[in-house]
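Structure first, commentary second.
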């Protein structure tokens, strides 16, 4: 006999279902595990971090990153958030590589600490930093969901009630891309299909509006190193860095969307994304081609933030991207994308 549940009960049960691990599948972990040197090194780092304290605060309100005179180092609150989240991500990956529950428990404790402590982000920089970082914590949580009997419900409630309202996905530039990645990761993790569909539509709208016909990203290539975002004597010095910074979340969000059955890379907006990656790879391979290279006397900041090429290449192979990755140019890789996707 088939028993039909009332719609509200069925929704409640399905909304609590454990999500599949986001971004990285078990087959990729198996491939990565075969890299014994990397695995030993990462597990050693995770062991050293097992007793590290968490840094959650009730009101996440770090100081502004940019002033009229340039960029400022991150303050203690900003360092605390990024440090905790990156540690959780490493711990969750160490769990997947080793099945050592201690690593899963650490990642879970970081998620629980922030969910149980942070109630607001009262300043603009706090909202920005949440958008730039929280998706990595969500992905880590998906890797350890249900391990050792972890009750992820409070964390998921926090994501829905505190974090989701902070999303910057409505903005038109890289901030919109990071907000969209936050929306995509949360919706996928908590199994919210309507929100996932909305986030998928926003992913497409962002890429359509941000990428010019020549593959450049006009809202990013002009970026200076001050609060005068597209002005001042160093206009464009951060332009390639911010192009990378917009395409990194777009690459991760697009990959998660594809795995969730949503259109991304195969859409016309996906073609725009591929064109932007290819243009960014050409600039990274030969920075003299970048429009603001000469005006900044050959100095461009943070052009090494290009590890997302390894993920993008799964969908849009490119010779320049391959050359840049092979040369070891992409040194900044907090998501470990080159290890996770480079050999797959």
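The values are calculated or read from the model by the stated rules, or taken from the named source; none is laboratory data. Computed from a predicted model, the values in this text were never measured in an experiment. Cβ sites come from the backbone with ideal geometry, for glycine too, and all protein chains shown count toward neighbours.
Does residue 276 satisfy being within 28 Å of residue 27 (Cα to Cα) and either in a loop (DSSP other than H, G, I, E, B) or at pLDDT 95 or above (or both)? Working first, answer last.
On the way: within 28 Å of residue 27 (Cα to Cα): no; either in a loop (DSSP other than H, G, I, E, B) or at pLDDT 95 or above (or both): yes.
No: the conditions fail for residue 276.
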Worksheet entry | Selection from region 168-193 of residues that are without any contact (Cβ under 8 Å) to a residue 12 or more places away in the chain and within 24 Å of residue 143 (Cα to Cα) | 193
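Is it true that residue 288 is touching a helix residue (DSSP H, G or I) at 6+ places or on another chain (Cβ under 7 Å) and farther than 17 Å from residue 253 by Cβ? Before you say what the answer is, go through the steps one by one.
Numbers: touching a helix residue (DSSP H, G or I) at 6+ places or on another chain (Cβ under 7 Å): no; farther than 17 Å from residue 253 by Cβ: yes.
Judged against the criteria, residue 288 is not a match.
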Item to complete: Collect the residues in region 146-155 that are in contact (Cβ under 8 Å) with a residue 24 or more places away in the chain and out of contact with any helix residue (DSSP H, G or I) (no Cβ under 7 Å at 6 or more places or on another chain), keeping them in residue-number order.
Response: 146, 153
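Let's see how each residue does on (1) more than 17 Å from the chain's Cα centre (by Cα); (2) more than 29 Å from residue 90 (Cα to Cα); (3) part of a helix (DSSP H, G or I); (4) touching a residue at least 12 places away in the same chain (Cβ under 8 Å):
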| residue | (1), (2), (3), (4) |
| --- | --- |
| 291 | yes, yes, no, yes |
| 303 | yes, no, no, yes |
| 307 | no, no, no, yes |
| 310 | no, no, yes, yes |
| 330 | no, no, no, yes |
| 334 | no, no, no, yes |
| 339 | no, no, yes, yes |
Worksheet entry | Every residue from region 150-172 that is outside any helix (DSSP H, G or I) and buried (at least 21 other Cβ atoms within 10 Å of the Cβ) | 152, 167, 168, 169
Worksheet entry | Residue, farthest from residue 303 (Cα to Cα), within region 256-265, restricted to residues that are at pLDDT 95 or above and out of contact with any helix residue (DSSP H, G or I) (no Cβ under 6 Å at 6 or more places or on another chain) | 261
Worksheet item: Can you name the helices (runs of 4 or more DSSP H) wholly within region 17-129 that have at least 3 residues being more than 24 Å from residue 255 (Cβ to Cβ) and either modelled with pLDDT of 95 or more or touching a helix residue (DSSP H, G or I) at 6+ places or on another chain (Cβ under 9 Å) (or both)?
Response: 36-49, 76-98, 101-117
